[in-house]
Every structure is written in C-alpha cells, then in structure tokens.
Amino acid sequence: MVVLNTLKQLCALDGASGSEEQVRYFVTDRLSEMGLSYQVDALGSVIVEKKGARTPAQKRMVCAHMDEVALIVTDVDGEGYLRFDCVGGIDEKVLPGKAVRVNGLAGVIGAVPIHLQKAEEREGEIPLRQLRIDIGAASREEAAQRVQLGDIAYFDTPFTPLGEGRIAAKAIDDRAGVAILLALLKQPLQNDCTFVFTTQEEVGCRGAQAAAYTVAPDVALVLEATTAADNLGLPEGQRVCALGGGAVVGPMDRGTIYDRELLQLARRIAEERAIPIQQKQGVFGGNDAGQIHRSRGGVKTLALSVPCRNLHTASCVASAADIHAVYELAKGLIDAVD
C-alpha cells in the first residue's frame, strides 16, 4: 500500500512543533517530483494549489499537520543529565524508561527506581521535574559539548508491523494525515483544491490559523489521528472510537462544532462507496479545525480521523484499513459537487 510506505518514511523523520524541517523537506521533495508548485508561509506550513477538472463554487482546503509531540531540553544538571519539558500534550506517566534521541544521540528517560520509592510515591505520578534524560555524559561540561538548551528529544521507536494490518510507530499523529495528503495529490481531482501541510498543531494549531487566512477557503477538511481507547476495557461510550471501524467523524469536539451538511455528505458518500465509517463516541480532543472554522468570516469544516491507540506516546498503533478509509472518504468529499 503506497500510503503505508510513505507513512513508514514519514514516521522515521523528526518534526516537533516549530521544528518541522525534516518533514517539510520530505513533502516539498515529493511535490517537486510530482511537478507541483507550492509556497511555504512564515510559520513553515506548505500550501499547494491542485487543479481539478472544474473550479467549484466553494473553495476547498484539505490539511494535515506535520508536527509531533516531543521533549525540549531546558537545563543540564551537575552530573550531565538533561532536564526537559514537553512540546505538546504528553502524559508524564508514560515517560520513564523510554528511549529517546537528542541530536542523533541515544538517550533514556530516567526516574527514581521503584525499589527506592516510598509507598506514597509508588501510588502517585512521578512529576516531570524529577525525570532526566541520560545521554551517557559524566558531567555538565561533557553534556554541554553535545546538547544545547532548546534542543529537541524525540521518541526512538521503530516503525513496526503489529498483528494483521496494523502498525506501531511514533508520530502517527499526524504523519498518517500527511501521507494521505501526498497520496491524494498524486490523483486526478474533479475539483480544484488547496492542500496544506500545517505546523505547530500540537501547541495550539498555530500553523493552521495562519494558513486559513492565506487560503481563505469556504470549506475545509482536516485529516487527523484521534484517540482510540478500545484496548483498555473501558465502557463502550468512553472508547471514543475503535481500530478497524473505519474513518472517524463526529458532530463536535472540544474545539469545533462541525458543519452538519458536510457531516451528512460524508455519511452519504461512505454509504454509497462502501467506505467504513464510525461515529466518534463523546466530545473529546481538538485539532486544526478549531482555528480554521472560525477564521475570517467562518469556514465550513469537518475532520476525518484515523483511530489511533496510545496517542501522544512513543508507540502509537493504527490500522492500515482505517488509513485507507480516511483516504477514500477525503477523496470523495473533495470531488463532491457543490
């Protein structure tokens, strides 16, 4: 599957919010190979105009974000260990023991081992201030020769097939959306469409806000990854969505009330084309749509999401079939007649 091959390459790249260069260069190289022109805005988002067979009455925009959650070095202690903070929303409980890379250097996130913890400490969370990244330096001076404050630490997780048709990797949120956009750009379209690879989604959807003002769309599709908690024994109404259930849509999340007509159209296209689709269970999360839908005079917006387990951790898990469903549904919505 072409999308999966591209996704594997994308997940191997590093691109924290504000440091998306590796991903952007990958995208622009592919655009050049396709013979497509593009512009890069002041925040680093890539904007591509793709001509279709017709110019629709309503200008279309479809986007996915290039950035991923990561860690930023904030200090080096006297023994050469790195203090850090989070870039984007990361649950501190998932960090101890994780392998990371800083400037290409191997590192491990360390914490007080359970054998040395007091009883009350074992029951609570380990605060971020007590975690350190160990890069093997023996002193502050040695560490300072390798790492500077502000450097980014990335989860060091290989792209791994998991079971039948599933994969585990870092940064599936939202390299899955980026891979889908690149696949869509290779296809002939019925309607002109503007494709945007956005920046800084994980820290407030800043790239999408700027790009929406530049593009000034009437209709926008946001291709995302969203939380699937179907592997945790939660009641059905708290699972959000499930792997293998297809593209995820819903009426609202914590940042956006989605356009009802677009939602109905998505459901109709899915039924006509036998594309698996599932309703998001509950009002959770948010994405670039939160900024796009209220830009300028307002934009009709809908998110199409890939269900993803372990979101914002070192090891996201997604289904190839769900990724393909989002691709097919996005193609149908782009091509739909006004």
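What to note about this one:
- When the pairs Lys8/Lys170; Lys8/Lys186; Lys51/Lys186; Lys50/Lys186; Lys170/Lys280 are compared against a 20 Å limit on Cα-Cα distance, Lys170/Lys280 fall above it.
- Sparsely packed loop sites in the range 142-218 (the GluC sites (Glu not before Pro) outside DSSP H, G, I, E and B with at most 10 other Cβ atoms within 10 Å) comprise Glu164.
- Burial order of peptide ranges 11-23, 220-232 (average beta-carbon count within 10 Å, highest first): 220-232, 11-23
- Per residue, in Å², the accessible surface of the chain once ligands and nucleic acids are set aside, probe 1.4 Å: 44
- For the range 305-323 versus the range 5-27, the gap between their alpha-carbon centres in whole angstrom: 17
- Here is how the number arises for the chain: DSSP H runs of 4 or more residues each give -39500 (n - 2.57), the sum is divided by the residue count, and the result at 222 nm is -8000 deg cm²/dmol.
- Extending 7 Å from Cα along the Cβ direction at Met34 and again at Gln9 yields two label points whose distance is 1.3 nm.
- Between the range 259-290 and the range 54-105, the Cα center-to-center distance that results, in Å: 27
- Under the shape rule built on the C-alpha gyration tensor, where the axes satisfy a ≥ b ≥ c, the range 296-338 is oblate, since a/c reaches at least 1.5 while a/b does not exceed b/c.
- Gyration tensor verdict on the range 123-170 (Cα atoms; rounded if a/c is under 1.5, prolate if a/b is larger than b/c, oblate otherwise): oblate
- The range 164-286: C-alpha gyration tensor shape, a/c 1.5 cut-off, then a/b vs b/c: rounded
- Between Met61 and Thr194, Val219, Ala220, Leu221, the built amide H atoms are under 5 Å apart, and every one of these is 5 or more places off in sequence or on another chain.
- Estimated at 0.36 nm per residue, the fully extended path between Gln187 and Ile126 surpasses their Cα-Cα distance by 17.1 nm.
The values are calculated or read from the model by the stated rules, or taken from the named source; none is laboratory data. Every value quoted in this text rests on a predicted model; they were computed, and no experiment measured them. All Cβ positions, glycine included, derive from the backbone under ideal geometry; neighbour counts span all protein chains shown. Heads up: the accessible areas ignore ligands, DNA and RNA and are worked out on the full protein's heavy atoms, side chains in. Shrake-Rupley method; radii C 1.70, N 1.55, O 1.52, S 1.80 Å.
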